[in-house]
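Everything below concerns the one structure shown next.
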Amino acid sequence: MAARKHGDGVWVNNPSTIDWGPTKGALMAMPTIKPVAATIVVIGTASADPVSNHTSSPTNESSIIASSPANSHDYAYPLASRHTADPNTGGRYFGAVRSNGRLHAGMDLITPSGTSVIAMTDGNVIDYNVGFYAGTDALIVQNNDGSVVVYGEIRSDLRSGAPIVRGQRIGTVISNNSSGSSMLHIEYYTGSASGSVFGGGDYKRRSDLASPMFIQYLE
Ligand SMILES: [Zn+2]
């Protein structure tokens, strides 16, 4: 998969230049599309959005997903307080190139150490990865909608099998022992693959990895 950086596939706030195809009428009538969604980066396929229920052609499907309302998932924002740095810059975005050529599999929401991590939706813990990065751990959650979320660079008391509900406090952001910075590193998987979320390819992750950039706009 080619490297995707912030800015790839982004449409700007000028719908008149977009080829909406045969679904233009329905799309323009949707009241919930917000300009803020214009910065969402979605990789590739229709399956990138598990809750999508559109019936248009594959070409139009990509456009529709890229312009989905920021909170079309009805997820909760995953921190008890807002992030303090723009996740679209500074190598914090999905697809940012790391020193070893690996691509950043998640998005980093910078926040003080000790900030509570909040479950975005209902699900179950399927793994707890000790030593995920520089002394921090990761909680891996299978959501009831089929998607999987990695809440990384945190500490949690929850372990595999634990049920969680939307809005529940599921862990705490801690400082890593590399740079000393603290953030929620969050990864999103559509659920179209199974098994460990870790894998090969440019991201060193499972094949159903998708952009988590929409998460920054959740409320
Ligand atoms: Zn990260």
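Read-outs: derived from the displayed coordinates by stated rules, not from any lab. Keep in mind that what you see is a predicted model, and the values were worked out from it rather than measured. FYI the Cβ positions are ideal-geometry reconstructions off the backbone, even for glycines, and counts take in every protein chain you see.
Residues whose amide H comes within less than 5 Å of that of residue 205, counting only those at least five positions distant or on another chain, are 199, 200 (H built at 1.01 Å from N in the peptide plane). Computed over neighbours whose Cβ is under 11 Å from that of residue 106, the net charge equals -1, Lys and Arg +1, Asp and Glu -1.
The modelled label-to-label distance for the pair residue 134/residue 217, using points 7 Å beyond Cα in the direction of Cβ, is 2.9 nm. Hey, what do the phi angles of region 146-161 turn into as Karplus ³J(HN,Hα) couplings, whole Hz, using 6.51/-1.76/1.60 and θ = phi - 60°, x for Gly and Pro? My calculation for region 146-161 gives x, 6, 10, 10, 9, 9, x, 6, 9, 10, 8, 8, 7, 9, 3, x Hz in order. Computed about the Cα centre, the dipole magnitude for region 124-214 is approximately 100 debye when only Lys and Arg (+1) and Asp and Glu (-1) carry charge, each at its Cβ. If you take the beta carbon distance between residue 166 and residue 207 as r and set R0 to 25 Å, what does 1/(1 + (r/R0)^6) give as a FRET efficiency, to the nearest 0.05? Between residue 166 and residue 207 the formula returns 0.40. For region 167-180, the Karplus equation 6.51 cos²θ - 1.76 cosθ + 1.60, evaluated at θ = phi - 60°, returns couplings of x, 5, 6, 10, x, 9, 5, 10, 6, 7, 9, 9, 9, x Hz by residue, with Gly and Pro reported as x. Couplings 3J(HN,Hα) for region 83-97, derived from phi with the Karplus relation 6.51 cos²θ - 1.76 cosθ + 1.60 (θ = phi - 60°), are 5, 10, 9, 5, x, 8, 10, x, x, 8, 8, 4, x, 4, 7 Hz, where x marks Gly and Pro. Of the peptides 197-203, 105-111, the ranking by mean beta-carbon count within 10 Å, highest at the top, reads 105-111, 197-203. For region 107-217, relative contact order (Cα pairs under 8 Å, six or more residues apart, normalised by length) works out to 29 percent. If the segment from residue 181 to residue 113 were pulled out straight at 0.36 nm per residue, it would be longer than the present Cα-Cα gap by 23.7 nm.
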